[in-house]
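Have a look at the structure below before the remarks.
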Amino acid sequence: QVQLVESGGGLVQVGGSLRLSCAASGGTIDNYGMGWFRQTPGKERDFVATINWSGGAHFYADSVKGRFTISRDNAENTVWLQMNNLNTEDSGIYYCAENNDYSGTAKQLQQYDYWGRGTQVTVSS
């Protein structure tokens, strides 16, 4: 199974930007849909963004549309999440995930098979 490692999180002020990376090892991701989720203490893990196998299709949570961009480079075995105009509601642990059963986009937590350990994003007012 593939191993996913997120990076790029940190502390940023409202209105700032961060670029998260998800590096895969132990297998290629070129045949699979990928997703980003986030979770805050005491709350469920929520869908953020997903991208299909080729990068030609995307889907975003309503709360991040127009501000976040998911992308991938299969040659680098990496997926990114560019986050702009951040607000305090964007704070949380961001997780990268792979859907090993489907090459398209998916927004449900249960559809993903492999998960990273997460990277913390904190947006301060």
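The values are calculated or read from the model by the stated rules, or taken from the named source; none is laboratory data. As the structure is a computational prediction, the values presented were derived from the model and not from experiment. Because the Cβ atoms are built from the backbone with ideal geometry, glycine has one as well, and the counts that use them run over all protein chains shown. The accessibility values were calculated without ligands, DNA or RNA, using every heavy atom of the protein model including side chains. Shrake-Rupley method; radii C 1.70, N 1.55, O 1.52, S 1.80 Å.
First measure r as the distance between the Cβ atoms of residue 39 and residue 2, then evaluate 1/(1 + (r/R0)^6) with R0 = 30 Å and state the FRET efficiency to the nearest 0.05. Plugging the Cβ-Cβ distance into 1/(1 + (r/R0)^6) gives 0.90. Working ranking of peptides 10-19, 108-117, 90-99, 49-58 by packing, defined as the average number of other Cβ atoms within 10 Å per residue, highest first, is 90-99, 49-58, 108-117, 10-19. Normalised by 2.2 N^0.38 Å, where N is the number of residues, the C-alpha radius of gyration of region 17-107 stands at 1.03. Sequence-distant contacts, meaning Cα pairs under 8 Å at least 6 residues apart, place the relative contact order of the chain at 36 percent. Of the accessible area of the chain, computed with a 1.4 Å probe over protein heavy atoms only, carbon and sulfur atoms account for 44 percent. Summing +1 for each Lys or Arg and -1 for each Asp or Glu among the other residues whose beta-carbon sits under 14 angstrom from that of residue 125 gives -2. Its Kirkwood hydrodynamic radius, worked out from the mean inverse distance over all distinct Cα pairs, puts region 32-75 at 11.3 Å. What does the charge count around residue 93 come to, taking other residues whose C-beta lies under 15 Å from its C-beta (Lys +1, Arg +1, Asp -1, Glu -1)? In short, -1.
The alpha-carbon positions of region 1-65 define a convex hull whose volume is 123 Å³ per residue.
Using a 1.4 Å probe, what is the accessible area per residue for region 1-117, in Å²?
About 51 Å² of surface per residue is accessible.
The Cα center of region 41-75 and the Cα center of region 86-125 differ in position by 8 Å. Distance from a point 7 Å along Cα→Cβ of residue 117 to each backbone N in region 1-39: keep the residues under 12 Å and list them by number. Hits in region 1-39 for residue 117 at 12 Å: 4-7.
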